[in-house]
Each structure stands twice: as structure tokens, then as C-alpha cells.
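Novice: Just passing along the structure, written as C-alpha cells.
Just so you know, all these numbers are worked out from the coordinates, no wet-lab data involved. For clarity, every value in this text was computed on a predicted model and none was experimentally measured. Neighbour counts are summed over all protein chains in view; Cβ atoms, including those assigned to glycine, are modelled from backbone coordinates with ideal geometry.
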Amino acid sequence: KPNGNSSSFLLTGFPGLEAAHRWISTPFFFIYFSVLLGNSTLLLLIKEDHNLHEPMYYFLAMLAATDLGLTLTTMPTVLRVLWLDHREIGKVACFSQAYFIHSLAFVESGVLLAMAYDRFIAIHNPLRYTSILTNNQVLKIGLGVLMRGFVSVIPPILPLYFFPYCHSHSFFVSSQGSTMWSNISAAPFLLTGFPGLEIFHPWISISFFVVYVSILLGNGTLLFLIREDHTLHQPMYYFLALLAATDLGVTLTTMPTVLGVLWFDHRAISQGACYFQAYLIHSLSIVESGVLLVMAYDRFIAICSPLRYTSILTNAKVVKIGLGVLMRGFILIVPIIITLSGFPYCRSHVLSHAFCLHQDVIKLACADITFNRLYPIVLVSLTGFLDSVLILISYILILNTVMGIASGKEQAKALNTCVSHISCV
């Protein structure tokens, strides 16, 4: 099957770690369960509590449903490979899965845009809010977002069914191509843009540049406002500023090389620069996860212990928490980056992205990479997975406290303070 034009493809788990698949599946299963439980609970609350029957919560419910859809589309095949080593997937099932994954990604982007529009109307036109965002208007926006997502993806997915597939049918990320540097260990790596679409790179770069400027402008403005407005000098906004700074860091780390490839076809990146970029990307990802966790902790204290909020989250405590989050992110990544820099690279030096990631570089190493395969799994389990579980627990406790409030308006007011954090998560 792998070399013929058969009716099925083969999925791949963690090559070389098949014996540990059962253990690796544990964090995936808990993430699966947490996403199902968290989003289902949110949908149930919005459905049952009439105080939440407002446009903002309708869009939040749509975001939760989209997240559920993505999880139900991807995780069953992941767990099937890890638990049962059931790697085969029919062509129709594969194309359907790809269709839903990409469609729901478009829908999620549209829902976030609709949520931004909702907040824009609520703040800039508060007196006209209810007349602009009527139930009919919300329904039309929702249907428009769904149609955009599910229709836009049809053109690239439909032809897939008719293509002949004469190469390997196993799915894994690989880089093809050779260069004059392929067998020289100390040679620079080569970044990749959009293979086969090089002629369109200048046009493709426009959207990336707009996103780049938007992130810089948006997060820069947010940081400036929090710094200048003394009424925002509170723990919640300090953590929000840390999240904005982290987002800026990730953007400034990745987008210059992406635009360098798209604008100037500048693909070469020295090994030292590549390791440093990978270090910053992965470190900032862990920092971001930690910031989301402390934001959940902040909301937990504010809602569950409001009278003790200022005494618990003092400025000194906030500084310590912030430093702890930063140290955790920037220290835990050091081991795999150090080992990465010590490996020989005798294969192709072509990477599969326009920026350096540990999982891309490690595939090119000509050495025993067992540690660099196992350590990231343990690290993700102890950071991203554990953070997600703690965030889920904090919101279960928050919801339990909110449901105990007698006044419906007070319930809605308490939940309103959590909306921005839930959207980020």
C-alpha cells in the first residue's frame, strides 16, 4: 500500500518511540477529556442560564463548539494510533478529516473576528448595542462565519480525491531537496516558504506583513495603555501585559525570517541563529502557557475570595509570579537546545518551515536523538498539559462560586471578567 495508488493512507505516531505510545497517549487523553468537559460545560451553562443569552456569549458558545469540533475531528485518530496502532485511514475519511480541520480553523478565525466586532459595538456604541446586534443579526453573522469556513476550503480539498498518489502513503513531516551544503555538518540550514508557489511569495507576504503590523500595533498599544493608565495598574492587567509582551516576543522571533524568505528568498540561516530562534520560540510558548495559568489564578482569587484579593495578589507577589513564569519557560528549554547544538548534521539541511523549530531540526541529526524525542513529551506534559488541567479546575471552582450567587446580574458580571481570559485560552 505505501507505494501504490491504493484507497488508504497510513498515519504516523512518534517514530522510534512506538514502545512508549501507551504512555505518550496519557496526556493526549486527558487533554481530549478536558476539552470535551470544559467546552461542553460552557455550552450547557450558556444554554441554561438566560442571563447569558447575549451576543457576546452566543459568540463564545460558537467558539467553544468550534473547539469541540476540532478536537472530535483530530483526537480520535491520534488516540487510535497511540492505543491500538491502528494507522490505516481510508482516502475518503482522510480527505473528510482534512476538510473539517481546515474549515473549522477558518470558522474559529471568523468567530474571533465576530467577538472583536461585538466588543467594538459594546464599547463604542453602547446605546445602540441591542439594536445593532439583535438575535437575527447574530444568527446571520454566525451563519456567514460558518459558510465562509465550510465553503472556502472546498476548492483545495475536492481535487485531492482525484489525484493519483504514487509516493509513500505514510504521513510524516519531511523535507526534500538537496543543496551544496547537504553533507557538511557545520553548514547553515535552509528555511522553506511555500514550495511550488515561489512565484506568489510577494503576494503571499502581504497577509503575513499585515498580521505582523497588526500584532505589533495591537500589543504595543495595549502595553502603552496599561503603562500610562494608572487605573489599569492591577494584577489582571499586569498579567495581560505579560501575555501581550510574550505575543510580541513570538512575533518578533518568527516573522522577520518568514518575511525574509517571502520577500528576498533569503533562506539560509546559520546554525547558531537557528538554535537561538528555536530556543526563543519554545521558551515563549511555555511562558505563554504559564501566563494563561496565572490569569486563571487571578480570576479564581477575584471571584472566589474577593475580600482577600488585594492582600493575596500584592505587587510584590505579582512580580514573583511573573519572574517564576519567565524562569520556568527560559530554563526548561535549555537541555534540548544544548544537545541540539552538539549533534552532527550529515543529511539535507532543508527545514520544513520559514523559522526554526526543535522538531524540524532534530530530524536532520545523524546521532541518537532519543533524549530529544522523550524530553519534549515530558516537558509538554508537565507544562502545557498540567497548566490546562489547572486552568480547567480553576474554572470549575469559579463556576461553582458563580452559581451560588443569588442575583443573575451579579452572576453575569462575575463571568464577564473571565471572558477575555477564556477567549485567550
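Novice: Where Rh is the Kirkwood radius over the Cα pairs of region 252-359, the temperature 4 °C and the viscosity 1.567 mPa s, what D in µm²/s does Stokes-Einstein return?
Specialist: 79 µm²/s
Novice: Another question about this same structure. Using every pair of alpha-carbon atoms in region 65-129, split the distances into 10 Å bins beginning at 0 and state the percent of pairs per bin, rounded to integers.
Specialist: It works out to 19, 33, 22, 14, 9, 3, in whole percents.
Novice: For each of F200, F30, F100, count neighbouring Cβ atoms within 10 Å of the residue's Cβ, then give the residues from fewest to most.
Specialist: Lowest to highest Cβ neighbour count: F200, F30, F100.
Novice: Determine, for I312, I369, the number of other Cβ atoms within 10 Å of each Cβ, and report the residues in order from fewest to most.
Specialist: I312, I369
Novice: With +1 on the Cβ of every Lys and Arg and -1 on the Cβ of every Asp and Glu, and nothing else charged, how large is the dipole of the chain about its Cα centre, in debye rounded to the nearest 20?
Specialist: 200 debye
Novice: Please report, in whole Å, how far the alpha carbons of region 187-425 spread along each principal axis, starting with the longest.
Specialist: Ordered largest first, region 187-425 gives principal extents of 66, 41, 30 Å.
Novice: Okay, moving on. How large are Rg and Dmax for the chain when calculated on the C-alpha trace, in angstrom?
Specialist: Cα radius of gyration and Dmax of the chain are 23.4, 72 Å respectively.
Novice: Obtain the nm distance between the two label points defined at A268 and T12 by a simple spin-label model: each point lies 7 Å from its Cα along the Cα-to-C-beta direction.
Specialist: 2.9 nm
Novice: Work from the charge dipole of region 9-158 (Cβ charges, +1 for Lys and Arg, -1 for Asp and Glu, about the Cα centre) and give the residue of L42, L70, V151 farthest towards its positive end.
Specialist: V151
Novice: Taking the Cα centre of region 187-425 as the origin, how large is its charge dipole in debye, to the nearest 20, when only Lys and Arg (+1) and Asp and Glu (-1) carry charge on their Cβ atoms?
Specialist: Dipole about the Cα centre, nearest 20: 440 debye.
Novice: Taking 8 Å as the Cα distance limit and 6 or more residues as the minimum spacing, I'd like the relative contact order of region 9-158 as a percentage.
Specialist: 30 percent
Novice: GNM on the chain, C-alpha springs below 10 Å: top fluctuator among V294, V361, V211?
Specialist: Among V294, V361, V211, the largest GNM mean-square fluctuation belongs to V211.
Novice: For region 1-154, with only Lys/Arg (+1) and Asp/Glu (-1) charged at the beta-carbon, what is the dipole magnitude about the Cα centre, in debye rounded to 20?
Specialist: 320 debye
Novice: State, in angstrom, two size descriptors of region 1-154 derived from its alpha carbons: Rg to one decimal place and Dmax to the nearest whole number.
Specialist: Here Rg and the maximum Cα pair distance are 19.7, 64 Å.
Novice: Rank A273, H358, G290 by how far each Cα sits towards the positive end of the charge dipole of region 187-425 (+1 on Lys, Arg Cβ; -1 on Asp, Glu Cβ) and give me just the farthest.
Specialist: Going by the charge dipole, the pick is G290.
Novice: Here is a further query. What distance in nm separates the two pseudo spin-label positions at S131 and I405, each 7 Å out from Cα along the beta-carbon direction?
Specialist: 3.0 nm
Novice: Continuing with the same structure: Among I312, I215, L190, whose Cα projects farthest towards the positive end of the dipole of the chain, with charges put on the beta-carbon of Lys, Arg (+1) and Asp, Glu (-1)?
Specialist: It is I312.
Novice: Dividing the Cα convex hull volume of region 310-415 by residue count, how many Å³ per residue is that?
Specialist: So the per-residue Cα hull volume is 154 Å³.
Novice: Which order, highest average first, do 59-69, 261-271, 281-291, 242-252 follow once you tally other Cβ atoms within 10 Å for each residue and take the mean per peptide?
Specialist: Ranking the peptides 59-69, 261-271, 281-291, 242-252 by packing returns 281-291, 59-69, 242-252, 261-271.
Novice: Sum -39500 (n - 2.57) across every DSSP H segment of at least 4 residues in the chain, then divide by the residue count to get the 222 nm mean residue ellipticity, nearest 500.
Specialist: After summing the helix terms and dividing by the residues of the chain, the value is -23000 deg cm²/dmol.
Novice: Could I ask something else about it? So who's got an amide H within less than 5 Å of the one on A268, skipping anything under 5 residues away but keeping other chains? H placed 1.01 Å off N, in plane.
Specialist: Here L191 satisfy the definition.
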